[in-house]
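A.B. asks: One structure coming up, written as structure tokens, with questions to follow.
The values are calculated or read from the model by the stated rules, or taken from the named source; none is laboratory data. These numbers were taken from a predicted model, which means no experiment stands behind them. Cβ atoms come from the backbone with ideal geometry, glycine included; neighbour counts cover every protein chain shown.
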Amino acid sequence: MREKGIKPDIILASASPRRKEILEQMGFNVCVHPSDFNENTLQITDPEEFAVQAAREKASVVSIHYPELITVAADTVVTLDGILLGKPDDYNDAFTMLNRLSGRTHDVITGISIHYPVKNCSYSGFEKTEVTFRLLADEEIKCYLSEHKPFDKAGAYGIQDLTVPLVSNIRGCYFNVVGFPVSHFYIHWRNIVNIV
């Protein structure tokens, strides 16, 4: 909720606490207004296109309520062998996902969309990061799921969860794997608000 007397710099069309925290660490005042767009309605199989379109739809739905402010939305997907791994349905689905990712390299793609209605400006794009998991024992996967319950995360994991480290290597933006590509966002936000 927005505090009285504070005009937020960014409207975040997401309930993700990780994205809010990242934006706040960047120095923004953040007002959270989760989008009610259902990404499951998208009939798109291409991972990059899916992530971008989901982010665009989320930002579009929310930005109409805040025409004089900048709204940003993001959508993160995990893909292995070209197959989308979304948020797990339950414990068993999460276990299966992590077991498939074990010892292998996959892509994390975050679509991002920035809307500034009063200036009739918008941007949509994506960032991709390659992530390699170390080989995981079944007991480690069970321990991780029990400890972190990552059922709200694409691919059933959070790179920032360290009790049971999963990742051995990344190639690309770390924050993209967390769910918000910091530099990518900053460059396009700066262009939209015309800050040199």
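A.B. asks: For L136, which of the numbered conditions (1) closer than 24 Å to I44 by Cα; (2) over 21 Å from the mean Cα position of the chain (by Cα); (3) aliphatic (A, V, I, L, M) fails to hold?
C.D. replies: Here L136 meets the rest and fails (1).
A.B. asks: Being under 29 Å from I170 (Cβ atoms), of a type in the set (V, I, T) and free of Cβ contacts under 8 Å to residues at least 24 places away in the same chain narrows it down to one of T105, T76, T96, so name that one.
C.D. replies: T96
A.B. asks: Additional query: Which one is nearest to S146 (Cα to Cα) among residues in the range 165-196 that are of a type in the set (A, V, I, L, M) and surrounded by fewer than 19 Cβ atoms within 10 Å (Cβ to Cβ)?
C.D. replies: V167
A.B. asks: Does any residue in the range 119-130 that is in contact (Cβ under 8 Å) with a residue 60 or more places away in the chain come within less than 6 Å, Cβ to Cβ, of a residue that is hydroxyl-bearing (S, T, Y) and assigned to a strand (DSSP E or B) six or more places away or on a different chain, and which pairs are these?
C.D. replies: Within 6 Å, the pairs are S124/S113.
A.B. asks: Determine if the range 172-181 includes at least one residue that is modelled with pLDDT of 95 or more and farther than 25 Å from F28 by Cβ.
C.D. replies: no
A.B. asks: Please work out if K153 is of a type in the set (K, R) and surrounded by fewer than 16 Cβ atoms within 10 Å (Cβ to Cβ). First the steps, then the outcome.
C.D. replies: Values: of a type in the set (K, R): yes; surrounded by fewer than 16 Cβ atoms within 10 Å (Cβ to Cβ): no.
Considered against the rule, which asks whether it is of a type in the set (K, R) and surrounded by fewer than 16 Cβ atoms within 10 Å (Cβ to Cβ), K153 comes out as no.
A.B. asks: Look through S146, S168 and report the one residue that is part of a helix (DSSP H, G or I), of a type in the set (G, A, S) and free of Cβ contacts under 8 Å to residues at least 60 places away in the same chain.
C.D. replies: S146
A.B. asks: From the list V30, V118, V108, which one is surrounded by fewer than 22 Cβ atoms within 10 Å (Cβ to Cβ), hydrophobic (A, V, I, L, M, F, W, C) and at pLDDT 95 or above?
C.D. replies: Working: V118 fails: at pLDDT 95 or above; V108 fails: surrounded by fewer than 22 Cβ atoms within 10 Å (Cβ to Cβ).
Sole residue among the options that is surrounded by fewer than 22 Cβ atoms within 10 Å (Cβ to Cβ), hydrophobic (A, V, I, L, M, F, W, C) and at pLDDT 95 or above: V30.
A.B. asks: So which strands (runs of 3 or more DSSP E) stay within the range 1-82 end to end and still have 2 or more residues that are farther than 18 Å from F185 by Cα?
C.D. replies: 70-80
A.B. asks: Name, by its number, the condition in (1) surrounded by 20 or more Cβ atoms within 10 Å (Cβ to Cβ); (2) modelled with pLDDT of 95 or more; (3) touching a strand residue (DSSP E or B) at 6+ places or on another chain (Cβ under 9 Å) that does not hold for G103.
C.D. replies: Failed condition: (1).
A.B. asks: Picking from L12, L42, L69, which residue would you name as being of a type in the set (A, V, I, L, M) and within 18 Å of D152 (Cα to Cα)?
C.D. replies: Values: L42 fails: within 18 Å of D152 (Cα to Cα); L69 fails: within 18 Å of D152 (Cα to Cα).
It is L12.
A.B. asks: Is one or more of the residues making up the range 112-129 closer than 29 Å to Y66 by Cβ, assigned to a strand (DSSP E or B) and among the aliphatic types (A, V, I, L, M)?
C.D. replies: Yes.
A.B. asks: A further question on this structure: Cβ contacts < 6 Å: first residue farther than 14 Å from N176 by Cβ, restricted to the range 45-57; second residue among the polar types (S, T, N, Q) and outside any helix (DSSP H, G or I), any location; separation 6+ or different chain. Result?
C.D. replies: Short answer, once both residue conditions are applied: R56/S113; R56/S124.
A.B. asks: Kindly establish whether T71 is more than 13 Å from the chain's Cα centre (by Cα) and under 19 Å from R19 (Cβ atoms). Break it down into steps so the answer makes sense when it comes.
C.D. replies: Numbers: more than 13 Å from the chain's Cα centre (by Cα): yes; under 19 Å from R19 (Cβ atoms): yes.
Answer is yes for this residue.
A.B. asks: Given the conditions (1) under 18 Å from S35 (Cα atoms); (2) at pLDDT 95 or above, report the number of the one that G86 does not fulfil.
C.D. replies: Status for G86: all satisfied but (2).
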